[in-house]
Amino acid sequence: MNKLFTPLLVTLLSFGPETFAAVSAEEAAKLNKELTPFGAERAGNKDGTIPAWTGGYTTPIPGDEPGGRRGDPFKDEKPLFSITPANADQYADKLTDGTKALLKKYPESFRINVYKTHRTAAAPKWVYDNTFKNATSGKMNGDIPEGVYGGVPFPIPQSGAEVMWNHVLRWRGISTSQMFKGYQLTANGKAVMVSDLVQDIEMPYYLPDSSLEELAKTNNYWRSRLDTTGPAIRAGEALAGVENFDGDKAQAWVYLVGQRRVRKLPNACCDTPSPATAGVMSFDEVTTFAGRLDRFDWKIIGKQEKYVPYNSNGALQVKDDAELISEHHLNPDHVRWELHRVWVVEANLRSGKRHQAVRSRYYCDEDSWICLLGDRWDAKGQLWKTLHADAVVAPDAPAVVMTSFGFNDLVSGTGFEAIINNKPKQYALVPRFAKDAFSADSLVGDSLR
């Protein structure tokens, strides 16, 4: 067990779908002392390779364009060293299984450029205040969180499910808009653009003029709208969805250009192919993990130090998509890796449930709660997919937010990358959307071709 793993959790490693109480006031008081407001360890590690958290990065970045392209606060930094197949054994304890597999599968092209670690995660004070309240009011009722609103739901997690809800309900701003393209990576090394999208997102969970009582009326925590502009064969498609704490109450609709009709998606979750990725990724692989938790039993493995993609604003500076995407993965020259402490959570298929991945493992940043890396095993027990996400600094939120994401199929050699690098709108914070912006009716009114 990692020494950083607190004694409270040592005996709380594995939980099924049961009810768990909130932490005590005494335990929650650590959020104002040795823990950050989000529950991470405030101190650095012993050898100084992970610094102490001192409030995150909230200074405007030179080169930022409000509502447009973002700058890189660390553009003048150079890699400390690179990890390649030749020296991977030296760093094996700080690499995930999926990262090791990529080094082995693509020895001529894949490498990890490791940079100085910066703990840039931050949030507004009102989000910190709500997080503190959640610590003593939040609990899990089966697979569903209760008594949480407007902050990290479980800053001192007691179960794997709580860690994953921290990822799902992470702070990323209230209303945002971004443009991105999705590329399917073929086994023979070609990148095929399969989607060109505008995505609008709003989180009712974080609406400042709402409340715990107001949220409880619907338990809708996330709304999304995707409008497809390309490729030509898909132009005009649209997808809208509303996520609910109770997965059975989540809803999603799609506008199909060929039929000129809006249809409700019957199963917008889990291992069902997602239209947003042209069916290349499943719903619960988008952003490494999304949606309902009831297909798996979740277990905390511990907190570990791992090299993860972090502060990747440099990837937003490239001139075109081809500069960022190589034959089988992102171009290592434009991916920044840092050493961070992560919660390691394992998911095992629950008895009586079905899913293509019978086991998964996620690596979730202690500062931002973003699950930056994930690995999935298939029914044969072989490592099947490795998932990744890029975290960038957005001091205008302030936050560390996820932008690009994707996966590599280690069995077939295929993959997928959703990137926002060469777009004029890179994670823009925008005013509140209209109440009906994420409804089926909005798709009917707007989807004309």
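The values are calculated or read from the model by the stated rules, or taken from the named source; none is laboratory data. Everything numeric in this text was worked out from a predicted model, so none of it was measured. Note that each Cβ is placed from the backbone with ideal geometry, even for glycine, and that neighbours are counted across all protein chains shown. Quick note on the areas: whole protein, heavy atoms, side chains included, nothing else; ligands and nucleic acids left out. Shrake-Rupley method; radii C 1.70, N 1.55, O 1.52, S 1.80 Å.
Regarding Ser404, is this residue under 14 Å from the mean Cα position of the chain (by Cα), more than 28 Å from Asp143 (Cβ to Cβ) and buried (at least 21 other Cβ atoms within 10 Å of the Cβ)? The answer is yes for Ser404. What are the pairs, 6+ residues apart or on separate chains, where a residue within the stretch 213-240 that is on the phi < 0 side of the Ramachandran plot has its Cβ under 6 Å from a residue that is open to solvent by less than 50 Å² (accessible area, probe 1.4 Å) and of a type in the set (Phe, Trp, Tyr)? Matching pairs, first to second residue: Leu215/Tyr149; Tyr221/Tyr205; Arg223/Phe438; Arg225/Phe438; Ala238/Tyr255; Ala240/Trp253; Ala240/Phe438.
Out of the stretch 64-80, which residues are open to solvent by 60 Å² or more (accessible area, probe 1.4 Å) and either not charged (D, E, K, R) or not in a loop (DSSP other than H, G, I, E, B) (or both)? Listed by number, the residues that qualify are Pro66, Leu80. Before we move on, is Pro85 of a type outside the set (A, V, I, L, M), surrounded by 12 or more Cβ atoms within 10 Å (Cβ to Cβ), assigned to a loop (DSSP other than H, G, I, E, B) and more than 25 Å from the chain's Cα centre (by Cα)? Against the criterion (of a type outside the set (A, V, I, L, M), surrounded by 12 or more Cβ atoms within 10 Å (Cβ to Cβ), assigned to a loop (DSSP other than H, G, I, E, B) and more than 25 Å from the chain's Cα centre (by Cα)), Pro85 qualifies. Suppose the filter is surrounded by 24 or more Cβ atoms within 10 Å (Cβ to Cβ) and more than 21 Å from Tyr427 (Cβ to Cβ); does Lys385 pass it? When the stated conditions are applied, Lys385 passes them. Being more than 30 Å from Glu65 (Cα to Cα), modelled with pLDDT of 95 or more and open to solvent by 60 Å² or more (accessible area, probe 1.4 Å) holds for only one residue in Ser351, Ser360, and it is Ser351. When restricted to residues that are of a type in the set (A, V, I, L, M, F, W, C), open to solvent by 10 Å² or more (accessible area, probe 1.4 Å) and part of a strand (DSSP E or B), the stretch 168-192 contains 4. Across the stretch 143-167, the number of residues qualifying as in contact with a strand residue (DSSP E or B) (Cβ under 7 Å, 6 or more places away or on another chain), open to solvent by 10 Å² or more (accessible area, probe 1.4 Å) and under 11 Å from Leu293 (Cβ atoms) comes to 1. Within the stretch 374-398, being within 13 Å of the chain's Cα centre (by Cα) and within 27 Å of Asp64 (Cβ to Cβ) holds for His388, Ala389, Asp390, Ala391, Val392.
Being in contact with a Leu (Cβ under 9 Å, 6 or more places away or on another chain) and of a type in the set (Lys, Arg) is a condition met by no residue of the stretch 96-103. Among the conditions (1) open to solvent by less than 10 Å² (accessible area, probe 1.4 Å); (2) of a type in the set (A, V, I, L, M); (3) more than 25 Å from Arg70 (Cβ to Cβ), Leu324 misses just one, which is (3). Applying a threshold of 6 Å to beta carbon distances and a minimum spacing of six or more residues, or different chains, the list of pairs starting in the stretch 380-401 at a residue that is farther than 16 Å from Asp97 by Cβ and in contact (Cβ under 8 Å) with a residue 60 or more places away in the chain and ending at one that is among the aromatic types (Phe, Trp, Tyr) and open to solvent by less than 10 Å² (accessible area, probe 1.4 Å) reads Ala391/Tyr310.
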